[in-house]
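**Student:** To start, I am sharing the structure in question, which I have written as structure tokens.
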Amino acid sequence: MAEAEPAQRSAELYDLLTPSGPQPPRQKPFVAFDRRELNTILNLYGRKVAAGEWRDYAMDFLKDRALFSVFRHASERPLYVIEKNPKLRARQGQYMVTIEDGRVLKRGHELDNVLRVLELTVVR
């Protein structure tokens with residue numbers, strides 16, 4: 001196979017570099033838990049699994065918030081949802097724990113304080 005002519009190759013490069021040319025796909029920004037936050041959540045999760053209270057979890061990283069859902073059984077709705085929403089940082093706090101029916105158990109600025117409600121809660 002013959003190589004492309006130098007003029008053709010430079011034209012292809014020009015098309016890639018011009019605004020009207022093809023653009024590489026951009027990754028959509030999303031919210032995630034950082035390493036410290038995830039470590040704190042997983043430490044609590046490990047203690048609850050060892051106690052037999054929790055069995056499964058799911059993490060969702062959305063455009064505007066990050067969710068860590070806790071399940072008693074994998075086929076159920078989440079027992080608890082730990083949410084990080086940076087837009088609420090200046091208001092009620094960016095962390096929130098909700099229960100299965102959608103009620104908010106605790107909101108706050110510090111993850112440790114918000115998760116404390118889960119260490120005290122006994123689910124029937």
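**Student:** Would you list, by chain and number, the aspartates and glutamates whose Cα falls below 18 Å from the Cα of Lys87, excluding same-chain residues fewer than 8 positions away?
**Tutor:** The qualifying aspartates and glutamates are Asp34, Glu37, Asp60, Asp64, Glu110.
**Student:** Can you check what the net charge comes to around Leu118, using other residues whose Cβ is under 9 Å from the Cβ of Leu118 (Lys, Arg +1; Asp, Glu -1)? Please list the in-between numbers first.
**Tutor:** Values: positive: Lys48, Lys106, Arg116; negative: Glu119.
Combined, the nearby Lys, Arg, Asp and Glu give +2.
**Student:** Here is a follow-up. Please give the length that would be gained between Gln92 and Arg77 if that part of the chain were fully extended, namely 0.36 nm times their separation in residues minus their C-alpha to C-alpha distance (nm, one decimal).
**Tutor:** Full extension from Gln92 to Arg77 adds 2.8 nm.
**Student:** How much net charge surrounds Val97 when only the other residues with a Cβ under 9 Å from the Cβ of Val97 are counted, with Lys and Arg +1 and Asp and Glu -1?
**Tutor:** Here the charged neighbours net out to +1.
Readers should treat all values here as calculations from the given coordinates under stated rules, not as data from a laboratory. Because the structure is a prediction, the values reported are computed rather than measured. Glycine gets a Cβ as well: all are built from the backbone with ideal geometry, and neighbour counts include every protein chain shown.
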